Amino acid sequence: MSQPSGLFRLIHESLKKERMNVDEFKRRFMPLHPKLYRIAVVLTGSSVDAEDILQEMYARLWVRRSEWDVVENTEAFCVTMLKNRCLDYLRTTNGIRMNVSLEGLEHTENPLSDSQEHADELQLVRELVERLPDNQRRVLKLHSMGECSTEEIESITGYSRTNIRQLLSRARRTIREQYQNIQRHGQQRRG
């Protein structure tokens, strides 16, 4: 018959290992949360849905914790897993929605954010971004607001790197030209 101390030792080792898993989870996955959140918002169009999908993804990661050792690139693994979860979600909500509210994606570090002029310009740029073709808008948002690299955008969208660079270039050029036209027409009316 085994001694109770052996059983307690097994329980203690099990709890210690579980604690190491929690610490490893926090160390490996939680620093990616802001980036993953921005990507999920861009893909789903909703901050609430993005948070729900991330929580579900974290739960799946926890269940699959025995597989963490084989993950070579944690960020790429998470982005791919998130993309798949978002696509599954969008399929179940009758099609892909890319009309994204920019709520929660703006950086508030700009001291000009209090001025009405800056707020108007920001709103104008938002509207110009929303007018872009879907593929340009999606790539621009992932790059600019999701802070994704070209490789990550390639993984998320399936577009080639060359195509991504072209889409980004066209989107920026279109926004710049439309913005300048609007500014010129606004100044002509004032003058």
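For E51, work out the one condition from (1) touching an Asp or Glu at 6+ places or on another chain (Cβ under 9 Å); (2) at pLDDT 85 or above it doesn't fulfil.
Looking at each condition in turn, E51 falls short on (1).
Could you check the range 31-79 and list, in sequence order, the residues that are among the hydroxyl-bearing types (S, T, Y), surrounded by 13 or more Cβ atoms within 10 Å (Cβ to Cβ) and assigned to a helix (DSSP H, G or I)? Walk me through it before giving the result.
Step one: of the range 31-79, the residues among the hydroxyl-bearing types (S, T, Y) are 37, 44, 46-47, 58, 66, 74.
If we keep only those that are surrounded by 13 or more Cβ atoms within 10 Å (Cβ to Cβ) as well, we get 37, 44, 46-47, 58, 74.
Of everything in the range 31-79, those that are among the hydroxyl-bearing types (S, T, Y), surrounded by 13 or more Cβ atoms within 10 Å (Cβ to Cβ) and assigned to a helix (DSSP H, G or I) turn out to be Y37, T44, S47, Y58, T74.
Just one of V139, V125 is part of a helix (DSSP H, G or I), under 20 Å from L32 (Cα atoms), at pLDDT below 90 and in contact with a Phe, Trp or Tyr (Cβ under 8 Å, 6 or more places away or on another chain); which is it?
V139
The conditions are (1) in the same structural domain as I39 (by TED's automatic domain parsing); (2) out of contact with any Lys or Arg (no Cβ under 9 Å at 6 or more places or on another chain); (3) surrounded by 13 or more Cβ atoms within 10 Å (Cβ to Cβ); (4) at pLDDT below 80, and D88 fails exactly one of them. Which is it?
The failed condition is (3).
Of all residues being modelled with pLDDT under 85 and of a type in the set (S, T, Y) in the range 152-178, which is farthest from Q123 (Cα to Cα)? Just the residue, please.
If we take residues in the range 152-178 being modelled with pLDDT under 85 and of a type in the set (S, T, Y), then S155 is farthest from Q123 (Cα to Cα).
The values are calculated or read from the model by the stated rules, or taken from the named source; none is laboratory data. Remember, predicted model here, so these are calculated numbers, not experimental data. Note that we place each Cβ from the backbone using ideal geometry, even for glycine, and neighbour counts take in every protein chain shown.
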